[in-house]
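Novice: Below are the structure tokens for one structure; questions will follow.
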Amino acid sequence: MSSSENSRKESDRHNPKSSLISLISRPEIGPIGVMILLFGMLGYFSIPASETTWNPFAGEGFNALGIRNNLRVISQLGIIALGAGLLIIAGEFDLSIGSMIGFAGACMAMTLRWGFSIVLPYISFDGGTHLEFYTLLHIPNVTPTLAIFITLCFTLTFGWVQGFIIVRSGLPSFIVTLGGLFFLRGLTEVSLRSFNHRPDQAKGATTVTEIPDIKNIINLPGYGEMEREAAKYLPETDLISIVKNLPSDVIAKISERLEYTAQRVAEAKTDLLIAKGVKPLEKALENAIASDNEFMIKTIQEKIENFKIDPVIPKSITEVDIARAYIDTIGSARPIADFFGGNILETIFDWLYFPIDWNVNNFGNQFAPGLYSCVMIWVILSLVCYIVLSKTQVGNWIYSTGGNLSAAQANGVPTNKVKISLFMFSAFCATLFATCQVFEVNTSDAAKGNLKELEAIAAAVIGGIVMTGGFGTVLGIIVGAFIFGLAKEAFFYIPGIDGSFYRVFLGFVIIASALLNENIRKRIMGNI
Amino acid sequence: MTVPNSNPLIETKELVKKFGSFTALNGVSLKVYPGEVHALLGDNGAGKSTLIKALSGVHQPTSGKILVEGKETKFNSPRDASEVGIGTVYQDLALNSLTSVTRNFFLGRELKFGNGPFGILKMKKMHNIAIEEMAKIGIKIEDPEQPVGTMSGGQRQTLAIARAIYFGAKVLILDEPTSALGQKQQMEVLKTIKKVQQLGNIAIILITHNEIHARLIADRYTFISLGEVIGSGSSKDLEGDDIRRLMAGGAEVGDLAKELA
Ligand SMILES: Nc1ncnc2c1ncn2[C@@H]1O[C@H](COP(=O)(O)OP(=O)(O)OP(=O)(O)O)[C@@H](O)[C@H]1O
Ligand SMILES: [Mg+2]
């Protein structure tokens, strides 16, 4: 028998990885790769067929308007994916998110439109037995802040109830939140129909419309509060007198901008006219070349060279125009509504239009006024979630609640509180989604948010969240939302294929991600 | 039998635990002294786990007393027990394999800036403490960010023990800490226990089925069979044969070799 003393120490077995290796072995790297691929695809395929350029930002996918619209889809999904993802990390999941969006939107829209009351029903026997209502409290004009607050009271309570039932009964969250899905959707439809009907109708519509454009209510000096559009169409004499009262530097700035735009529009129109005039000639030239008619070729070529058109004269700027442009610059008198439903980064998009010459549509006008506010909400929420999950005590509690429930309990982690809070957080995210939507479009529909719960879960899984809990990062959830949103757009632009292929692609990505996540989890659990 | 000159850290008197009509413990008395490893030995189902669950607040005894440093104490929950300094390392160790060494070390008792659950973790400080505390009882961790799932069984035991001690355990209860480990790692854990013993102020209750392990580190033995104490004594008083016989519940196993032959 031979034996040799093993002189290796434990530390010899530890092979510090180079920073590049540890970067590419991060679990998010796969999803980030897919995201970059989709980013490239969307940029490439959205470039119109007639143009050749290597700049992915030249195409419709990533011009100013494309960015505005794509980021809205991505950030809306991103908001609810954060709620869904954190909950999955804690070992539970929520199928009621979509219905919660519909419910929250309807609740908010209804209180904004018809006010809020608390009523006490009782049975009355006057003139036959029927139900009467005693109004305890009625607020006819609900401010945006109050509407959000009232909605949150309902949605957070509902999130709490779902969480409470789940932790107390030990029932799977699947079944309890499936109940929530049907319950809330039904409740939304029922309440919309019953509040929404005219006196001559038995049943109403399941939509709320005719909410004023609250975020665009402004305080016009000398006129008080009114909607921006209404202000722009005040009698011209009023508009002119508004301009008279403006300081001259403000007027100068506005008219400079308007003149620039008018110049642009005129140039664009001229170009269009030239194109219109030259196109038939070019076609004729092609025919001439095809038929080898030397004379024709020559005359047409001459015609093209000498083609001239009088440039379109820029529209002159009147005081009414200045007044309307000025009204556009007045800040909202309802900052909360503007915070959720308005635009952000307007100065940057202005800058992209003036000096950078990029935020311009075919008619010379500015394409996009800014990004939707929901992008900012998503960024803020992501930041908060990132800090909470990876830097705070609660974060450690969330991971351990999902990773090993009994271990967490044995170490004194209040796992029930963690779970209930996350069910409430998921409801909070759904409410944020609805708030952004209601204040942006000023309507609400009982069907809003349909299937969003599954999209949120899918985004979380694509981003590396393991369905059994305990594993995943906020960065992953963000990337997952990007992949989901980009895929939808990218496939729309690929020529010659049905846009719905994005679903086929996502189905594939979801399963691949889940397999990958499980593999990483097993490796960490020491099973591989 | 030698009696140490200090007072017992933890003591049970006539502890009875019934599960319905089944008597799991039938009047168990034992004394555990600081700086000693007290081996709790006995056959499967003898009631060892039940006894330590009563000591760590998981079960409430049907009758009898538990005294900690001479004072009678009642535990309504594991929290109560850990507050008076009883640290239990269960067979499943109560670790979350998916997170790091440090996050497990401080699970539920994280160090943070500010109050409330949203306090920001003092990661650096916690890393240092975790490494330091594990080094004290003999295991050097290179990377405190390493997920616990990738650690060896012995390292995990050490983590759980170091954690219990750091958070003020005066009585350390170890339920079969070596049962799931390979030879080398078993020795590592025994060394760890030895280190804790040498700290001098901690009483250790060790459950094991391994006679060799018990003889290597135990200062005192209590043998349990069918819920009752059938023998006890210090390591000096007991012969190997006694230990083997009592571990099997008092039955004669001396002839086992003959039977098997
Ligand atoms: N919660 C319970 N309800 C009913 N009976 C129980 C309960 N817990 C333990 N018992 C019974 O009490 C007896 C002692 O169990 P215990 O787990 O204490 O044994 P042990 O000495 O730890 O055995 P092992 O060496 O196999 O771990 C067993 O017969 C067991 O079935
Ligand atoms: Mg046992």
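The values are calculated or read from the model by the stated rules, or taken from the named source; none is laboratory data. Predicted model, so just to flag it, every value in this text is computed and none were measured. Here the Cβ is made from the backbone with ideal geometry for all residues, glycine too, and neighbour counts use every protein chain on show.
Novice: I want to confirm something. Restricting to the range A:400-451 and keeping residues that are more than 9 Å from every other protein chain (Cβ to nearest Cβ) and in a loop (DSSP other than H, G, I, E, B), which single residue is surrounded by the fewest Cβ atoms within 10 Å (Cβ to Cβ)?
Specialist: Selected residue: A:Leu451.
Novice: Please go through the range B:127-145 and pick out each residue that is at the interface with another protein chain (Cβ under 10 Å from one of its Cβ atoms) and buried (at least 20 other Cβ atoms within 10 Å of the Cβ). Quick ask: steps written out before the conclusion?
Specialist: Restricting attention to the range B:127-145, the residues satisfying the condition of being at the interface with another protein chain (Cβ under 10 Å from one of its Cβ atoms) are B:139-143.
Residues satisfying the conditions are B:Ile139, B:Ile141.
Novice: B:Leu121: of a type in the set (A, V, I, L, M, F, W, C), surrounded by fewer than 20 Cβ atoms within 10 Å (Cβ to Cβ), touching a strand residue (DSSP E or B) at 6+ places or on another chain (Cβ under 8 Å) and within 12 Å of another protein chain (Cβ to nearest Cβ), yes or no?
Specialist: Working: of a type in the set (A, V, I, L, M, F, W, C): yes; surrounded by fewer than 20 Cβ atoms within 10 Å (Cβ to Cβ): no; touching a strand residue (DSSP E or B) at 6+ places or on another chain (Cβ under 8 Å): yes; within 12 Å of another protein chain (Cβ to nearest Cβ): yes.
It is false that B:Leu121 is of a type in the set (A, V, I, L, M, F, W, C), surrounded by fewer than 20 Cβ atoms within 10 Å (Cβ to Cβ), touching a strand residue (DSSP E or B) at 6+ places or on another chain (Cβ under 8 Å) and within 12 Å of another protein chain (Cβ to nearest Cβ).
Novice: Here's something else I'd like to know. Search the range B:204-239 for residues being of a type in the set (D, E, K, R) and surrounded by fewer than 21 Cβ atoms within 10 Å (Cβ to Cβ), and hand back the single one that is farthest from ligand 2 (Cβ to nearest atom).
Specialist: Our first condition is that a residue be of a type in the set (D, E, K, R); within the range B:204-239, this holds for B:211, B:215, B:219-220, B:228, B:236-237, B:239.
If we keep only those that are surrounded by fewer than 21 Cβ atoms within 10 Å (Cβ to Cβ) too, we end up with B:211, B:215, B:219, B:228, B:236-237, B:239.
Values: B:Glu211: 17, B:Arg215: 20, B:Asp219: 22, B:Glu228: 16, B:Lys236: 27, B:Asp237: 26, B:Glu239: 26 Å.
Among those residues, the one meeting the criterion is B:Lys236.
Novice: Among helices (runs of 4 or more DSSP H) lying entirely in the range A:1-98, which contain 2 or more residues that are at pLDDT 80 or above, touching a helix residue (DSSP H, G or I) at 6+ places or on another chain (Cβ under 8 Å) and of a type in the set (Phe, Trp, Tyr)? Give the derivation first.
Specialist: Values: elements: A:19-24, A:29-45, A:64-89.
The helices (runs of 4 or more DSSP H) meeting that bar are A:29-45.
Novice: Here's a follow-up. Please determine whether any residue of the range A:345-354 is assigned to a loop (DSSP other than H, G, I, E, B), farther than 30 Å from A:Gly277 by Cα and out of contact with any strand residue (DSSP E or B) (no Cβ under 6 Å at 6 or more places or on another chain). So that I can check it myself, show each step before the final result.
Specialist: If we filter the range A:345-354 for residues that are assigned to a loop (DSSP other than H, G, I, E, B), which is where we start, we get A:345, A:354.
In the following step, the residues that additionally are farther than 30 Å from A:Gly277 by Cα were identified as A:345.
Cutting the leftovers down to out of contact with any strand residue (DSSP E or B) (no Cβ under 6 Å at 6 or more places or on another chain) gives us none.
No, there is no match, as no residue in the range A:345-354 is assigned to a loop (DSSP other than H, G, I, E, B), farther than 30 Å from A:Gly277 by Cα and out of contact with any strand residue (DSSP E or B) (no Cβ under 6 Å at 6 or more places or on another chain).
Novice: So B:Thr88 ticks every box in (1) within 14 Å of chain A (Cβ to nearest Cβ); (2) within 15 Å of ligand 1 (Cβ to nearest atom); (3) surrounded by fewer than 22 Cβ atoms within 10 Å (Cβ to Cβ) but one. Which box is left unticked?
Specialist: Unmet condition: (3).
Novice: Return yes when A:Glu259 is within 21 Å of A:Asn361 (Cβ to Cβ), more than 34 Å from the chain's Cα centre (by Cα) and surrounded by 14 or more Cβ atoms within 10 Å (Cβ to Cβ) and no when it is not.
Specialist: On the way: within 21 Å of A:Asn361 (Cβ to Cβ): yes; more than 34 Å from the chain's Cα centre (by Cα): no; surrounded by 14 or more Cβ atoms within 10 Å (Cβ to Cβ): yes.
It is false that A:Glu259 is within 21 Å of A:Asn361 (Cβ to Cβ), more than 34 Å from the chain's Cα centre (by Cα) and surrounded by 14 or more Cβ atoms within 10 Å (Cβ to Cβ).
Novice: If B:Glu36 meets every condition in (1) crowded, with 22+ Cβ neighbours inside 10 Å; (2) within 16 Å of ligand 1 (Cβ to nearest atom); (3) within 27 Å of B:Leu238 (Cα to Cα) apart from one, which number is that one?
Specialist: Checking B:Glu36 against (1) crowded, with 22+ Cβ neighbours inside 10 Å; (2) within 16 Å of ligand 1 (Cβ to nearest atom); (3) within 27 Å of B:Leu238 (Cα to Cα), the one that fails is (2).
Novice: From the list B:Thr12, B:Thr102, which residue is within 14 Å of chain A (Cβ to nearest Cβ) and either under 30 Å from A:Gly91 (Cα atoms) or part of a strand (DSSP E or B) (or both)? Before you say what the answer is, go through the steps one by one.
Specialist: On the way: B:Thr12 fails: within 14 Å of chain A (Cβ to nearest Cβ).
Every option except B:Thr102 fails the conditions.
Novice: Collect the residues in the range B:7-22 that are among the charged types (D, E, K, R) and away from ligand 2 (no atom under 16 Å from the Cβ), keeping them in residue-number order.
Specialist: Kept after step one, since they are among the charged types (D, E, K, R), are these residues of the range B:7-22: B:11, B:13-14, B:17-18.
Residues satisfying the conditions are B:Glu11, B:Lys13, B:Glu14, B:Lys18.
Novice: Further question: Going through B:Asn115, B:Asn44 one at a time, which residue ends up being away from ligand 2 (no atom under 16 Å from the Cβ), assigned to a loop (DSSP other than H, G, I, E, B) and out of contact with any helix residue (DSSP H, G or I) (no Cβ under 9 Å at 6 or more places or on another chain)? Working first, answer last.
Specialist: Working: B:Asn44 fails: away from ligand 2 (no atom under 16 Å from the Cβ).
Unique residue meeting the criteria: B:Asn115.
Novice: Which condition does B:Leu25 not pass, out of (1) under 22 Å from B:Ile217 (Cβ atoms); (2) within 16 Å of ligand 2 (Cβ to nearest atom); (3) touching a helix residue (DSSP H, G or I) at 6+ places or on another chain (Cβ under 6 Å), if it passes all the others?
Specialist: Single failed check for B:Leu25: (1).
Novice: Please go through the range B:161-182 and give me each residue that is part of a helix (DSSP H, G or I) and either within 10 Å of chain A (Cβ to nearest Cβ) or on the phi > 0 side of the Ramachandran plot (or both), ordered by number. Spell out the reasoning first.
Specialist: Applying the first criterion (part of a helix (DSSP H, G or I)) to the range B:161-182 yields B:161-166.
Passing the criteria: only B:Arg163.
Novice: Now a separate question. Which numbered condition trips up B:Ser97, out of (1) within 14 Å of chain A (Cβ to nearest Cβ); (2) within 16 Å of ligand 1 (Cβ to nearest atom); (3) in contact with a strand residue (DSSP E or B) (Cβ under 7 Å, 6 or more places away or on another chain)?
Specialist: Just one mismatch for B:Ser97, condition (2).
Novice: What pairs come up if the first residue lies in the range B:168-187 and is under 11 Å from B:Gly153 (Cα atoms), the second is in a strand (DSSP E or B) and within 16 Å of ligand 1 (Cβ to nearest atom), and their beta carbons are under 9 Å apart, counting only those six or more places apart or on different chains?
Specialist: Pairs that qualify, where the first residue is under 11 Å from B:Gly153 (Cα atoms) and the partner is in a strand (DSSP E or B) and within 16 Å of ligand 1 (Cβ to nearest atom), are B:Pro177/B:Val89; B:Pro177/B:Leu206; B:Pro177/B:Ile207.
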